[in-house]
Amino acid sequence: LPSPIPCSLTQPVTPDLLVSPSSQDGDLGSECPEDRGNWTGRLDFLLSCIGYCVGLGNVWRFPYRAYTNGGGAFLVPYFIMLAICGIPIFFMELSLGQFSSLGPLAVWKISPLFKGVGMGTILIVSLVAIYYNMIIAYVLFYLFASLTSDLPWQHCGNWWNTDLCLDHHVIKAGNTTFPINTTNTVSPSEEYWSRYVLHIQGSSGIGDPGRIRWNLCLCLLLSWTIVYLCILKGVKSSGKVVYFTATFPYLILVMLLIRGVTLEGAWKGIRFYLTPQFDHLLSSKVWIEAALQIFYSLGVGFGGLLTFASYNTFHQNIYRDTFIVTLGNAITSILAGFAIFSVLGYMSQELGVPVNQVAKAGPGLAFVVYPQAMTMLPLSPFWSFLFFFMLLTLGLDSQFAFMETIVTAVTDEFPYYLRPKKASFSAVICIALFLMGLILTTEGGMYWLVLLDDYSAGFGLMVVVITTCLVVTRVYGIKRFCRDIHMMLGFRPGPYFRACWMVLSPVTMMALLVYNIVKYQPSEYGSYRFPTWAEVLGILMGVLSCLMIPLGMVVAVLREEGTLWERVQQASRPTMDWGPSLEENRTGMYVASLAGSQSPKPLMVHMRKYGGITSYENTAIEVDREMEEEDEEESMM
């Protein structure tokens, strides 16, 4: 990919020594980075990050993972893994984005040899965006279906129901006459999901998708339309939408929680969810599950955090924001567990079965179990509408982040062609991903969705995050990275962050990767086993994102000159224009690389031009002094 033309080449360059103090603000208004846009409100960035991290997984994956891995005892490995893997990698991504003001592709000016990591990230995010929006389409379908006086999955007797259908009213009535064998029966909500919404009986498997379900297709079109309208003006529009989509789910969650804990039998479910089983902590599986939950819940490696941070001002306090978002995300997951399991406890009491027979994870919880529980409540359409509206708002802001990542990454590569046409380019991306997602709206679409979910962001994502961590700490250098953060935030990361970046985080993620490969299990959906060709296709999806890394290396090496080793060394160094994007932020070691700077003491000219020494420029002087001292020590050795 051709590198973007530096801003200085598009306009006449005035050497810094010739700029008078009176004209110090004259050319700031026409700087290119301003075209990129920034967050317009103080809370835009923070709420966007919260909305991105707090998604569907907090509601349908965490509670189930907690109860299957030791209940309350699961919180021990969960918070340890948050400290080792979650917080440090989260802070690293935010720091890279904010320091460079670049998207996930252009940020690899830090080491062009590894630009393939960025390409791998974009491939993963594109695949995830395709199926994630299909889940939002299912939510919209159920949302519209809740706008009735009687929920359609409440009773048997509809055209889609079979003879196996048995609703809970019959079970309760059956207690007075004769015991009913419920082992071979199916709930109305399960048949509504599989036989009406998915119409999965029309497909024999993944190789036979069947016909398009037009009602699902229209819901998918609507979800892509909503996403496009919200990202139409980039972070200026999505930054405002998240004020609603990031906060409203909490209001609904609290309402569902209060309703849940006041139900009869609720404590039975909560006790089941939280009773600690400390013997589970001796199992490696529990620790791996905790790390996986942190990894996917915070959304590290998808480029969304880096993209959002790239629209920050240079001195935004991302250190504070890191702790607010990561701890807020963890607390939300735990709260969601109470809301879900209180209702499941009530449901188990109503049905007269143990909680573990009604508890499920993933789409099974959102589209089968919870809707069935809703039918047992008074005002069931109201509670059903609230639940699916919460899922809609949870899913949308995560989808905004995926789309913003793709659009930002490509427009940062071709800023002069695409930035003026960002709205049109966003429309092209949305239409392309919608068309690719049409197979998910067929009768066998759920098989394709499971395949994408299992493989698109599996080991490929882990390879991307491990490589990023190693490149920043080993190739770019941990000292230099810490200096950059010092220059940006005014303080240096402590030993905790350095230890995690250097050793703990990469080692933990490598253990995750090895575990995933060793414990590999073929995909399945219910009793359906995927054919070999589908497994191979899934594995190729994961491998393709990894192959982008060596492919990017080959391209970077071919662009350099000299012997092979010299080319590798040159390609692994940061480019000349790497650093803060705005001229006033390029202090210390970065000021010498400013286009047009002809001063023997560029920092002094910089200070004269931008009005004296600020606290951050003071930091830059300190950083320069430390670098000189280190260079002297190395030369003496």
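The values are calculated or read from the model by the stated rules, or taken from the named source; none is laboratory data. For clarity, every value in this text was computed on a predicted model and none was experimentally measured. Please note: Cβ atoms are built from the backbone with ideal geometry, for glycine as well, and neighbour counts cover all protein chains shown. Surface areas here come from the heavy atoms of the whole protein model, side chains and all, with no ligands, DNA or RNA. Shrake-Rupley method; radii C 1.70, N 1.55, O 1.52, S 1.80 Å.
Quick notes on this structure:
- Accessible area ranking (1.4 Å probe, heavy atoms, ligands and nucleic acids excluded), largest first, for D208, D412: D208, D412.
- Once all protein chains are placed together, K360 keeps about 80 Å² accessible to a 1.4 angstrom probe.
- Segment 328-431: relative contact order as a whole-number percent, Cα under 8 Å and 6+ apart: 13 percent
- Applying Stokes-Einstein at 37 °C and 0.692 mPa s to the Kirkwood radius of segment 329-449, computed over alpha-carbon pairs, gives a translational diffusion coefficient of 185 µm² s⁻¹.
- Per the Debye calculation on segment 74-159 with a single equal scatterer at every Cα and no solvent contribution, log₁₀ I(q)/I(0) for q = 0.20, 0.24 Å⁻¹ amounts to -1.02, -1.12.
- Per-atom-type breakdown for segment 487-589 gives carbon and sulfur 69% of the accessible area (1.4 Å probe, protein chains only).
- Selection of GluC sites (Glu not before Pro), segment 488-572, meeting DSSP coil and at most 13 other Cβ within 10 Å: E561
- Across segment 183-327, the relative contact order, built from alpha-carbon pairs under 8 Å that are at least six residues apart, equals 8 percent.
- Between L564 and L251, residue separation times 0.36 nm minus the direct Cα-Cα distance comes to 106.8 nm.
- The local environment of T68, defined by Cβ-Cβ distances under 12 Å, has a net charge of +3 under the rule Lys, Arg +1 and Asp, Glu -1.
- Inter-centroid distance (Cα atoms) of segment 146-161 relative to segment 227-256, Å: 31 Å
- Once Rg and the Kirkwood radius are both taken over the C-alpha atoms of segment 197-346, their ratio Rg/Rh works out to 1.04.
- Taking all protein chains together, M374, M502 sort by accessible area into M502, M374, largest first [probe 1.4 Å].
- Neighbours of G41 by Cβ distance under 11 Å: Lys/Arg scored +1, Asp/Glu scored -1, total +2.
- Full extension of the segment from K519 to F414, taken as 0.36 nm per residue of separation minus the current Cα-Cα distance, would add 33.6 nm.
- Förster-model FRET efficiency, 45 Å R0, R573 and T262, C-beta, rounded to 0.05: 0.10
- q = 0.16, 0.17, 0.21, 0.28 Å⁻¹: log10 I(q)/I(0) that the Debye formula gives for segment 430-474, counting C-alpha atoms only: -0.60, -0.63, -0.75, -0.93
- Over 29 Å apart at the Cα level, from the set K109/K236; K109/K519; K240/K479, are K109/K519; K240/K479.
- In a DSSP loop and with at most 10 other Cβ atoms within 10 Å, the chymotrypsin sites (Phe, Trp or Tyr not before Pro) in segment 91-175 are W159.
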